[in-house]
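Peer 1: Would you mind keeping the following structure in view while I ask a few things?
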Amino acid sequence: MRLPEPGWKARPFTGRFQEIVIDTSFRDLGLSAELLRAVAEQNYTVPTPIQAQAIPIVLAGRDLLGAAQTGTGKTAGFTLPMLQRLAAKSNASASPARHPVRALVLVPTRELAAQVLDSVRNYGRHLRLGSTVIFGGVSFGPQVDTLRRGVDIVVATPGRLLDHAHEKTIDLRHVEILVLDEADRMLDMGFLPDIRRVLALLPAKRQNLLFSATFPDAIRKLAASFMHDPATVETARRNAPIELVAQVVHPVDKDRKRDLLAHLVQTNDWSQVLVFTKTKHGANRLAEQLHRAGIESDAIHGNKAQNARTRTLKRFKDNELRVLVATDIAARGLDIESLPHVVNYDLPNVPEDYVHRIGRTGRAGATGEAVSLVSAEDRPLLQAIERLIQRKIEQRVISGFEPTNLGARPQPQRQQQQRKGRQTQHAQRTQRQPQRVWPR
Ligand code: AMP
């Protein structure tokens, strides 16, 4: 089995625009008329590289290891051929017994589960296949009712799926196709034991598809433990963020970040801003503070009930919220079309997350802007990000928010700048009081 090398990562970081021009059409990939119609209705004209590679492999019934991030079109890459294989043996019977679960898609988060289900339903709209989503944070009963009526495809997060298996409200003995989507995230979130438990409930003979943005050893081991001679496909993002996203760092003191954020949103009249914080608590607090400053905001993270998360996301998509504050995990996989602004209120601890975050803008050919608020404490994280993306990000100090703390051990040259900066600031402070946009 050929796996990507250890330490392999999907390649969004080379600083080069990587869209591969391919002259394949969806028609050449062997998709049925019903699926081609659904694809045309989505206004997709050309398959993305991962779709062009993955669809024929999955249609042929092979196991597949896909090295791809969100934004590459990977969801359609596995959903379209999966639907076609299931449809070949579908039946029109209304009897639940004739509709066992035949495909299981495991994903790390509830939001991603809901989005994958949307894709399954959109692409499968001209087929007779039932589908549902199973995740925690919502009541159990309605899920049981849906499962009892018989569904061909289940998209699930591992924990709630196992609850159903435990209660015997789902039968996984007829699964023909298993998809593990964003496998690296599932492992990051501690789902490996749950995944193993789910695998033990599936029949031995089935088709396995695994998608992951990175291939650490744990993923390689997991894949080797259950996949049969998988074909591997790898692809960079459809839109390399480096080229399509304008990136800027605003140096600022830690305790002035929230003022600066409110200032940026208001003075630039930003309408749809996704803001990343490190913690759930930080996300809540910031959303409340922004709200009190007159900026419509809300937070989305794992501690919120699913209904609240879905409602918040909808308000954001409908432009009722100007600012959505999120943690990395909650924002993972959110597909919000052409998001114009992403703000790193806290820089991520893992530099790769920076690329995931800013990839939320600049999708589908739109240009976006990624703004990072960087205090002295964040400098080592910024350096790690710059090493990863192999470029320096432009730094722009915003007037009225000049940082006073430039780090514990500044270089001699920076010391001078620091002194100069302090003098300027002192002069500015004596000339005018910077306007406080933040309620105390
Ligand atoms: P994904 O990587 O699966 O999350 O897909 C990212 C986005 O690309 C989604 O908004 C899809 O609707 C869109 N997309 C998927 N395939 C295509 C395609 N062939 N042409 C245009 N957009 C696509």
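Readers should treat all values here as calculations from the given coordinates under stated rules, not as data from a laboratory. The model shown is predicted, which means the values in this text are computed figures rather than measured ones. A quick note on method: Cβ atoms are made from the backbone with ideal geometry, for glycine too, and the neighbour counts reach across all protein chains shown.
Peer 1: Once you put a point 7 Å from the Cα of Asn268 and another 7 Å from the Cα of Lys221, both along the Cβ direction, what distance in nm separates them?
Peer 2: 4.3
Peer 1: Same structure, new question: May I ask you to derive the relative contact order of the range 161-242, considering only C-alpha pairs under 8 Å and at least 6 residues apart, and to give it as an integer percent?
Peer 2: Values: 61 pairs, mean separation 27.9, N = 82.
Across the range 161-242, relative contact order equals 34 percent.
Peer 1: Quick one: work out the % antiparallel among DSSP beta bridges in the range 26-239, nearest 5. Don't skip to the answer; put the middle values down first.
Peer 2: Working: 0 of 24 bridges.
In the range 26-239, DSSP labels about 0 percent of beta bridges as antiparallel.
Peer 1: Out of all DSSP beta bridges in the range 241-395, what portion is antiparallel? Express it as a percent rounded to 5. Let's see the in-between values first.
Peer 2: Numbers: 0 of 26 bridges.
The answer is about 0 percent antiparallel.
Peer 1: Could you pull out every residue, at least 5 positions away or on a different chain, whose amide H is within less than 5 Å of the one on Val105? Hs are placed 1.01 Å off N in the peptide plane, and Pro or chain starts have none.
Peer 2: Excluding prolines and chain starts, which carry no amide H, the hits are Val154, Val155, Ala156, Val179.
Peer 1: Taking amide H positions as placed in the peptide plane 1.01 Å from N, state which residues far from Val275 in sequence (5 or more) or on other chains have amide H under 5 Å from it.
Peer 2: Excluding prolines and chain starts, which carry no amide H, the hits are Leu324, Val325, Ala326, Val343.
Peer 1: Relative contact order for the range 207-309: what percent, with Cα pairs under 8 Å and sequence separation of 6 or more?
Peer 2: On the way: 32 pairs, mean separation 14.9, N = 103.
Averaging sequence separation for qualifying contacts and normalising by length gives 15 percent for the range 207-309.
Peer 1: Then there is this: Sequence gap at least 6, Cα distance under 8 Å: using those rules, report the relative contact order of the range 26-239 to the nearest whole percent. Before the final figure, lay out the partial values.
Peer 2: Values: 380 pairs, mean separation 63.6, N = 214.
RCO, the range 26-239: 30 percent.
Peer 1: Using amide H atoms built 1.01 Å from N in the peptide plane, name the residues 5+ places from Gln247, or on other chains, whose amide H lies under 5 Å from its own.
Peer 2: The answer is Ala370.
Peer 1: Which entries in Lys74/Lys304; Lys317/Lys392; Lys74/Lys278; Lys254/Lys278; Lys280/Lys392 show an alpha-carbon gap greater than 21 Å? Let's see the in-between values first.
Peer 2: Numbers: Lys74/Lys304 28 Å; Lys317/Lys392 32 Å; Lys74/Lys278 27 Å; Lys254/Lys278 13 Å; Lys280/Lys392 29 Å.
Listed pairs above 21 Å: Lys74/Lys304; Lys317/Lys392; Lys74/Lys278; Lys280/Lys392.
Peer 1: If you don't mind, there's one more thing I want to ask. So, with +1 on the Cβ of K and R and -1 on the Cβ of D and E, and no other charges, what is the size of the charge dipole of the range 241-395 about its Cα centre, to the nearest 20 debye? Kindly include the intermediate steps, with their values, before the conclusion.
Peer 2: On the way: 23 positive and 21 negative charges, 82 e Å.
That gives the range 241-395 a dipole magnitude of about 400 debye.
Peer 1: At 25 °C and 0.890 mPa s, grab the translational diffusion coefficient of the range 26-239 from Stokes-Einstein with a Kirkwood Rh over Cα pairs, rounded to a whole number in µm² per second.
Peer 2: Working: Rh = 17.2 Å.
Calculated translational D: 143 µm²/s.
Peer 1: Going 7 Å from the Cα of Gln42 toward and past its Cβ, which residues in the range 63-77 have a backbone nitrogen under 13 Å from where you end up?
Peer 2: 71-77
Peer 1: Given bins 5 angstrom wide, list per bin the percent of all Cα-Cα distances in the range 241-395, short to long.
Peer 2: 2, 10, 20, 25, 22, 14, 6, 1, 0
Peer 1: Further question: If you add up the charges near Pro100, with Lys and Arg at +1 and Asp and Glu at -1, over every other residue whose beta carbon is less than 11 angstrom from its beta carbon, what do you get?
Peer 2: 0
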